[in-house]
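Structure first, commentary second.
The values are calculated or read from the model by the stated rules, or taken from the named source; none is laboratory data. Remember, predicted model here, so these are calculated numbers, not experimental data. Using ideal geometry, Cβ is built from the backbone for each residue, glycine included, and neighbour counts are taken over all protein chains shown. These area figures cover heavy atoms from the full protein model, side chains too; ligands, DNA and RNA do not enter into them. Shrake-Rupley method; radii C 1.70, N 1.55, O 1.52, S 1.80 Å.
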Amino acid sequence: SKARLSLTAPAKSAMNKNISGYILIECMVAMTILTVGLMSVFSLLSRSLSSNRVVANRYQATYLAAEGIELVKGIIEDNAIKGLSWNAYLNEGEFETEFPGDILESYSGRVIKFDDATKSFNYEDGKDTPFTRKIILTFLGGGNEIKVESIVEWVCRGSAAYSVRLVAHFFDWR
C-alpha cells in the first residue's frame, strides 16, 4: 500500500504565503534589472544625439573656415584679372568677410547668421548661428607669400568651446 502525505489547511496556507513571497521578490528583482537596462539605453541615446550635434557643428564650421580661405583666394584672383598687384587690398591683421566677399573688414567677433530665404551665411540677415569666423593674414617671405588662417569658433551646450582652424599659403606667382 502506498502512503499518501496530506497537508493540513494551515500547512498549505503557510506554503502558499512562502511561494507568494518568492514571486514578489522575483518581480522586484526583474523590475530593477529592467529599469537599469532601460536607463542605460536612454543614456546611450542621449549621448549619441549630443555627439551628433557636435559632429554637425564641426562639419558646418569646417565649411565656413574653408569659405574664409576661398574668399581671400577670390580677392587674389580678382586682383590678377584686374591687372593689380597680387596682394592689392590685403593687409596683415585679423578680418571677417562674407560671401560674396571682395572686402575684408576688421574683425569684430560678430556672430554669423543663416538666412533661410537665400540659404546662405552672412552677418546681416537671418537667424544667429553659434559661429564666429576670424581670418588672419600674415605676410611672409618679403611680401611674396601670404599665410591665411581661417578660424571658426563656437560654443555648444554645456559651455564646451570648439574651434576649427584651416591654414593656406598663397604666393606671388606672376
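Overview of values
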quantity: Accessible surface, the chain, averaged per residue in Å² (probe 1.4 Å); calculated: 70 Å²
quantity: Cα-based convex hull volume of the range 76-174 per residue, rounded to whole Å³; calculated: 112 Å³
quantity: Cα-derived Rg over Rh, computed across the range 118-174 with Rh taken as Kirkwood radius; calculated: 1.13
quantity: Estimated inter-spin distance, PHE99 and GLU145, nm [label 7 Å along Cα→Cβ]; calculated: 2.9 nm
quantity: Estimated FRET transfer efficiency when R0 is 35 angstrom, pair VAL29-ARG53 (beta carbons, to 0.05); calculated: 0.40
quantity: Semi-axes of the equivalent ellipsoid for the chain, Cα gyration tensor, largest first, Å; calculated: 72, 15, 12
quantity: Per residue convex hull volume, Cα atoms of the range 58-105, in Å³; calculated: 71 Å³
quantity: Long-range lysine pairs (8 or more apart or interchain), the chain, Cα under 26 Å; calculated: 12
quantity: Unit charges on C-beta of K, R, D, E only; dipole of the chain, Debye; calculated: 2080 debye
quantity: Order of exposure, largest accessible area first, which applies to THR97, THR35 with probe 1.4 Å; calculated: THR35, THR97
quantity: Most mobile of VAL41, VAL155, VAL164 in a GNM of the chain (Cα contacts under 10 Å); calculated: VAL41
quantity: Cα lying deepest toward the dipole's positive end in the range 77-173, options ASN87, ILE151, LEU137, charges on Cβ; calculated: ILE151
quantity: Calculated FRET efficiency for the pair THR118/ALA80, C-beta based, R₀ 30 Å, to 0.05; calculated: 0.60
quantity: Relative contact order (%) - the range 50-129, alpha-carbon pairs under 8 angstrom, separation at least six; calculated: 18 percent
quantity: Mean Cα-pair separation over length for the range 88-161, i.e. relative contact order, pairs under 8 Å, 6 or more apart, %; calculated: 26 percent
quantity: Whole-Hz ³J(HN,Hα) from phi, Karplus 6.51 cos²θ - 1.76 cosθ + 1.60, for the range 22-29, glycine and proline x; calculated: 5, 5, 5, 5, 4, 5, 5, 5
quantity: Contact order relative to length of the chain, as percent, for alpha carbon pairs under 8 angstrom and 6 or more apart; calculated: 17 percent
quantity: Surface share of carbon and sulfur [accessible, 1.4 angstrom probe, percent] for the chain; calculated: 59 percent
